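These notes concern the structure reproduced below.
The values are calculated or read from the model by the stated rules, or taken from the named source; none is laboratory data. These numbers were taken from a predicted model, which means no experiment stands behind them. All Cβ positions, even for glycine, are placed from backbone atoms using ideal geometry, and neighbour counts span all protein chains on display. Ligands, DNA and RNA are excluded from the accessible area calculation, which covers all protein heavy atoms including side chains. Shrake-Rupley method; radii C 1.70, N 1.55, O 1.52, S 1.80 Å.
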Amino acid sequence: MIPAAFDYSRPQTLEEAVNLLAQHGEAAKLLAGGHSLIPALKLRLAQPKTVIDIGRIADLSYIREQDGRIVVGAMTTHHAIETSALLEEKCPLLPEVARHIGDVQVRNRGTLAGSIVHADPAADWPAAILALDAEMETVGPDGPRVIAAKKFFVDLFQTALRSDEILREIRFPVTAKSVAYVKTVQRASGFAIAGVAVVVDAPRMTVSVGITGVAAKAYRATAVETKLAGQSLSAENMAAAAAKAANRVEPLGDIHASSEYRAHLAQLNTRRALVLAASRA
Amino acid sequence: MIIQGTHTIAAAPAHVFDRLMEPAFLQQAIPGCEKLEKTGEDEYIAHLKLGIGSIKGSYAGKVRLTDRQPPHKFTMHLQGSGGPGFVKGTSAIELKAEGEATELHYSANVQVGGLIAAVGSRVIEAVAKKLAGEFFLKFSAIVEHDVKPER
Amino acid sequence: MKSGTSNGYFGQALKRVEDPRLIKGIATYVDDLRLPGLLHAAILRSPHAHARILGVKTEAAKNLPGVAGVFTGTDINPACGLVPCASSMPGLKAPRHTMLAGDRVYFVGHPVVVVVAASPAIARDALDLIEVDYDSLPAVTNPEKALEKDSPLTHPDQGTNVAFTWLLANGDVDGLFAQADRVIKQRIVHQRLTPMAIEPRGCVASYHAGEGSLTLWTSTQIPHLLRTLLPGVIGVAENKIRIITPEVGGGFGSKLDLYVEEAMCSHLAMRLGSPVKWIEGRRENAMSTIHGRDQIGDYELAVKNDGTVLAIKARTIADIGSYLQLLTPTIPTLTGLMICGCYKLKAVRFELTGVYTNKMATDAYRGAGRPEATYAIERLMDLAAAELGLDPAKIRQKNFPKPGEFPFQTATGLMYDSGNYQRALKKAQELARWDALLRQREQARQAGRLFGIGLSTYVEICGLGPSKIMAAGGWEWGCVRLEMSGKVTVITGTTPHGQGQETSFAQIVGDRLGVPMEDIVVLRGDTASAHYGRDTYGSRATAVGGTALIMSVDKIIAKAKILAGALLGASAKKIDFRNGRFWVKGKPKNAIDWKRLGQEAYEAKNLPANLEPGLEASSFFEPKNCTYPFGTHIVAVEVERETGDVKIVKYVAVDDCGPQVNPLLVEGQVQGGIAHSLGQVLFERTVYDENGQLLTGEFTDYPMPRARDIPEYVIGSTVTPSPSNPMGVKGVGEAGTIGANPAIANAVMDALAPLGIRHLDLPLLPEKLWRAIEEKTAGRKMKKPRSQS
Ligand SMILES: Cc1cc2nc3c(=O)[nH]c(=O)nc-3n(C[C@H](O)[C@H](O)[C@H](O)COP(=O)(O)OP(=O)(O)OC[C@H]3O[C@@H](n4cnc5c(N)ncnc54)[C@H](O)[C@@H]3O)c2cc1C
């Protein structure tokens, strides 16, 4: 459990970090909270030549309301999100999801940006990112770029972020309280076997559903959303819609849950999350 | 682990079969393939650099073809190893004419070992399918345009 | 406890004296050791379950700056002996268990090359520079298929996958089965488990070339057994070896072995002339420290319609992995010996086949063979009760020996020392509010919920044991020394590593000597101070090791009376002793204390003729019998239909381990044991895939019970002293694990019983339950998922 040797640099500004990344290219890795990268380094699954620690860059950790949106800085930890009064009020899905991540130590170090860039197919955040239609703002040699949630998660452990880009900020809409996250944990790792994030937009009579842990990448359960669009959120309607939660995906199967059970949990947790979110309306 | 799939390639079986026997074409199509050399009748060595997210590894391996029945089928045996573990597998590949095109079916029995088996069990199947998918996508494109890749 | 003196420590729930240093992080573990010139070893292990080694290239590794040596099997094996197995099973086939792999590897994790370097990082880097050319071979992973004619062989040179067969047959089994009204049959799979001590293994070996002596610090349960065994492997005489066990972060049986790494580091320290340290990583721990359980049994119980059980038959296969560790073959035989449980069965036949597979060896893991026995018989009792329409508590009561029937001879030939199984059951039922619980179940069932109650009445074997049944002595040694200052040093030959005997032994000795605990130090785990010992396993330390201390205390008191008599001008017979004071009968005012005696004993100016100086005594205690703790666990669970999740609603444990030296320690042991069981019953399992790859090699894939999984326990006890030792104590280190498995499992199966589900094997994973429920309720035939082996 000893990483291969690497160079370490600790830029003070984002610009400096972008330059370092451009300079080292694929041979470099950004280090945020380290809770995904360091295990990979210790197993030598990742052997970057250079590690660029962005943890000391001033002002990458913030949660603000800005122009009617909620903006969260890349280095914001799960814990900061979990305990934010602003989010509790304006975007309550985020603290709810944060509470499901790992344990206190993990939440104290791990960051929102690190988690979504790592794009573990069983991480919790991607469900919320999708359900909330978040936007990711990156910076790179060619300046800033905004990536929509639907385009962000490309495949397992793979995002639309380019290797010379840094994720700087994640933006969320302000929502009502009618949101929920229901997760079945993989007992050993604590990650999701099936995690379902639901946002109910009561005035517009729409729901959006993000599902993680079930397939090779987190996805929007569009079949569920379509079925419920414009419908009343009756128990029967929600159950019927939830039954479509694993449509058109190939659920993963492993020693912790077969693909059949994962699909079942996707449906069950979708129903439960819908019911919970609707009850909070 | 059994991985199977079917892909349709817009070219006749004989043509597809020929191309599958040519290292230069294959190297282009195989994800992360840095080197593919013929070392004997139906035998090759390969060097691959594969990365899934931050998990990258270099693999060296041998490929052997048996049961070659052009243009219908062949069997491919693969054995490779690298930092994160080893891969070993046998794949039966069958080609069938579907009008102008070829329907290619593969069924591979793949065994992975070492670190990748230990820490990757939950995603190995997905990774394998993804790699196979990438291969056939590229391979089809190359065969369909039939441009000999530059080496 | 009868004793001339008492501080009343015995029976007090005192906090552990060892805890502050552990909690503050100022305890010393093996990895904390720093020696001048220390080199670090790292081991390259096989990624294959079975392969031929065609070649090993070590040049690049050797050339890495900082590397002191790179060694393969060819370099090391000829210079060392084999890893020993202490089982004397007749007909046992034992493959040569060399330090490093020879021309083949037999399991994932098999050591192939060892690197020694100036730092752990360099050693690890060097591993990446080694190239091993493997030709992978078919692996044997299924122990039942391994017995088929055309199966590949784990060790082709052995010609068979059968390691041994063992038969325990007593009484007229066939006759009794013929008399039976019913035969209850069940096949039970006892899954493989990984002990996962929080501190992996590790050792530091240092050789003094001038003295020709070797010191080995190692995280083990058995420093003394190691000193006995190591000479045969490394060629240093027993009296030139010192084994030191610093703090040990958990053993649970997994550190009750002589491991390759301990011997190899010792050898390398001699060879290189520098001390060598090796610290195991978590993945290494999961793949190359012994595993537990892994038996498959077909059990049959002959019963009468009134619930009387007559006889039991079992055909079992033990998947023991690819090599024999210290007690590998013995463990499943303990299952056979304990298969009668608490019941008056008249006959038994237990056929056991040990099978080699390409996996890590199995050996003792918390409970070691007994949990399998208890689980099997307690499941059978429940199945019998269900088939006969009897109350599970009543069928058990009906078949218990009566308290007056002890010592009770079992059909397997054991002599249960003492017991009152009825009392423990009754107390557990009271604590569980049995009738209310039954009503609660009734209500829940009427509401369509899956609520179940489970019961287990268990007996286990502890206090190992009479030397005639042990491989190399079952006695224990202990020494008590009154220092010149009046302080007391206690040295035990047991090796507590979390059990708390630094506290409980001080309680025992403090009471008997009449000395405050603060003045007592308990030394353990160093063969230079504890000259002899048989260490800690099988819940033996207090019953056997504690008794050796009592014997020593009594010798000191006897000698002190002579000395006190001389000082007070009376004969020893006239001396009274209580609360640490000695006086001439009738003159308590004129008493002398230990402090004075210590001074006199060592200054030795006023000793009577023929009295040796000093106040120190050591003793060997040889137990005449083992001890047989017992108890009843009652569990209530609720199963969630839609997910298969199990929630423990109530947990009641009543354990009888005889008189309790320290109830807090007893409770801690019971709680820890139950947590182990909870893991085994609900989610733990070691998974090898069909090619012998280990899929549960990290905490990300091997689920351990966590604080949030642990229910509120209701813990009670009864006290039935053992006649096997003067304190009457029995042992409690494994009781929780042994009693809890069947109680939890029976509760879950009871919850599912209304659906017509009869038995499911452990672990009772949510998916497994969900599938069983779906099949029964939705009538849906589920295909067996590949991943749920
Ligand atoms: C014991 C444990 C339990 C856990 N349990 C859970 C769980 O239940 N649910 C869950 O979702 N997660 C869980 N995690 C993962 C945890 O949430 C990680 O913290 C998170 O996945 C990564 O965030 P990080 O800040 O630690 O990123 P790092 O590990 O530092 O980085 C992760 C990856 O993202 C890249 N990166 C980081 N920041 C940026 C950026 N701003 N721009 C571009 N690239 C960047 C890095 O280069 C690296 O490739 C657990 C982790 C551990 C160790």
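In the calculated pair distance distribution of the stretch A:236-281, what percentage of Cα-Cα distances lie above 18 Å?
Across the stretch A:236-281, Cα pairs with separations above 18 Å total 33 percent.
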For this session: Whole Å is fine, so just give me how far the alpha carbon centre of the stretch A:89-107 lies from that of the stretch A:51-80.
Result: 15
Problem set entry | Shielding by partners - mean other protein chain Cβ count within 10 Å, residues of A:162-169 | 0
For this session: Report the full-extension gain for the segment C:K62 to C:A237: residue separation times 0.36 nm, less the Cα-Cα distance, to one decimal in nm.
Result: 59.8 nm
Problem set entry | Partner chain coverage, peptide A:184-196 - average Cβ within 10 angstrom | 4
For this session: Ignoring ligands, DNA and RNA and using a 1.4 Å probe, state the total buried accessible area between C and B in Å², rounded to the nearest 100.
Result: 1100
Problem set entry | Hull-based mean projected area of chain B, where the convex hull spans the alpha carbons, in square nanometres | 8.4
Seminar exercise, completed: Protection proxy (average C-beta count within 10 Å per residue), highest first, orders A:158-170, C:306-318 as C:306-318, A:158-170
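Just how many % of Cα pairs in the stretch C:267-426 lie over 22 Å apart, if you round to the nearest whole percent?
In whole percent, the long-distance tail amounts to 53.
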Exercise. Considering only protein heavy atoms, what is the solvent-accessible area of A:S36 at a probe of 1.4 Å, reported in Å² to the nearest 10?
Worked result: 40
Exercise. What does the helix-only formula give at 222 nm for chain A: each DSSP H stretch with n ≥ 4 adding -39500 (n - 2.57), the total divided by the residues, and the result rounded to the nearest 500 deg cm²/dmol?
Worked result: -9000 deg cm²/dmol
Problem set entry | Amide proton proximity set for C:N579, modelled H, under 5 Å, gap of 5+ | C:T5, C:S6
Exercise. What is the local net charge at B:G114, summed over the other residues whose Cβ is closer than 12 Å to its Cβ (Lys, Arg +1; Asp, Glu -1)?
Worked result: +4
For this session: Whenever you get a sec, line up A:R109, C:R34, A:R10 from highest to lowest accessible area (probe 1.4 Å, protein heavy atoms).
Result: C:R34, A:R109, A:R10
Seminar exercise, completed: A student applying the Cα gyration tensor rule (rounded when a/c is under 1.5; otherwise prolate if a/b is larger than b/c, oblate if not) would label the protein assembly as shown prolate
Seminar exercise, completed: Computed over chain A, the relative contact order (Cα-Cα under 8 Å, seq sep at least six) in percent reads 16
Exercise. Simple spin-label model, 7 Å along Cα-to-Cβ: C:S213 to C:A436 in nm?
Worked result: 6.3
Seminar exercise, completed: Once C:T228, C:T696 are ranked on solvent-accessible area with the largest value leading and a 1.4 Å probe, the list reads C:T228, C:T696
Exercise. Taking Cα pairs under 8 Å and at least six residues apart, what relative contact order does the stretch A:179-280 come out at, in percent?
Worked result: 31
Problem set entry | Zero-based 10 Å bins, Cα pair distances in the stretch A:179-280, whole percents | 18, 53, 24, 5, 0
Seminar exercise, completed: Relative contact order as a percentage, the stretch A:7-53, C-alpha pairs under 8 Å and 6+ apart, gives 58
Problem set entry | Square roots of 5 times each gyration tensor eigenvalue, C-alpha, chain A, largest first, Å | 32, 21, 16
Problem set entry | Per-residue ³J(HN,Hα) for the stretch C:136-146, Karplus 6.51 cos²θ - 1.76 cosθ + 1.60, θ = phi - 60°, Hz, x for Gly and Pro | 6, 10, x, 9, 9, 10, 10, x, 6, 5, 4
Exercise. Averaged over C:634-646, how many beta carbons belonging to a partner chain fall within 10 Å of each residue's beta carbon?
Worked result: 1
Exercise. Roughly what would the spin-label model give for C:R445 and C:R780, points 7 Å off Cα along C-beta, in nm?
Worked result: 2.6
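State which entries of C:K15/C:K559; C:K185/C:K304; A:K42/C:K24; B:K96/B:K129 exceed 25 angstrom in Cα-Cα distance in the structure shown. Present the calculation step by step, with values, prior to reporting the outcome.
Numbers: C:K15/C:K559 32 Å; C:K185/C:K304 14 Å; A:K42/C:K24 27 Å; B:K96/B:K129 21 Å.
As for pairs spanning more than 25 Å Cα to Cα, those are C:K15/C:K559; A:K42/C:K24.
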Problem set entry | Per-selection metrics, the stretch C:535-626 (Cα): Rg and Dmax in Å | 15.7, 48
For this session: Taking chain A as the reference, fit the longest principal axis to its C-alpha atoms, fit the long axis of helix A:14-24 to the helix C-alpha atoms, and give the angle between the two in degrees, 0 to 90, nearest 10.
Result: 70
Exercise. Packing-wise, with mean Cβ within 10 Å as the measure, how do C:113-122, C:759-768 rank, highest first?
Worked result: C:113-122, C:759-768
Seminar exercise, completed: Net charge (Lys, Arg +1; Asp, Glu -1) of residues whose beta-carbon lies under 12 Å from that of C:Y713, C:Y713 excluded, is -2
Exercise. If r is the Cβ-Cβ distance from C:D133 to B:A92 and R0 is 22 Å, what FRET efficiency results, to the nearest 0.05?
Worked result: 0.25
Exercise. To the nearest 10 square angstrom, how much accessible area does C:Y134 have with a 1.4 angstrom probe?
Worked result: 30
For this session: For C:N305 paired with B:A10, estimate the spin-label separation in nm (one decimal), with each label point 7 Å from Cα along the Cα-to-Cβ line.
Result: 8.0
Problem set entry | Hz values of 3J(HN,Hα) by residue in the stretch B:19-27 - Karplus curve (6.51, -1.76, 1.60), Gly and Pro given as x | 5, 5, 8, 9, x, 4, 5, 4, 4
For this session: Would you mind computing the Rg to Rh ratio of the stretch A:58-173 from its alpha-carbon coordinates, Kirkwood style for Rh?
Result: 0.93
For this session: Keeping every protein chain in place, order A:K49, C:K573, A:K42 by accessible area at 1.4 Å, biggest value first, i.e. largest first.
Result: C:K573, A:K49, A:K42
For this session: Answer rounded, prolate or oblate for chain C, using the Cα gyration tensor with square roots of eigenvalues a ≥ b ≥ c: rounded when a/c is under 1.5, else prolate when a/b is larger than b/c, else oblate.
Result: oblate
Problem set entry | Within straight-line cross-link reach of A:K90, aspartates and glutamates at Cα separation under 12 Å, skipping those fewer than 8 residues along the same chain | A:E65
For this session: Enter the Cα centre distance for the pair the stretch B:1-67 and the stretch A:206-224, rounded to the nearest angstrom.
Result: 34
For this session: State, in square angstrom and to the nearest 100, the accessible area buried between chains A and B, both chains counted, probe radius 1.4 Å.
Result: 1500
Exercise. Tell me, what HN-Hα J-couplings in whole Hz come from the Karplus equation 6.51 cos²θ - 1.76 cosθ + 1.60 at θ = phi - 60° for each residue of the stretch C:715-723, using x for Gly and Pro?
Worked result: 10, x, 8, 10, 10, 10, x, 8, x
Problem set entry | Listed peptides C:461-469, A:201-209 by packing density, highest first (mean Cβ within 10 Å) | C:461-469, A:201-209
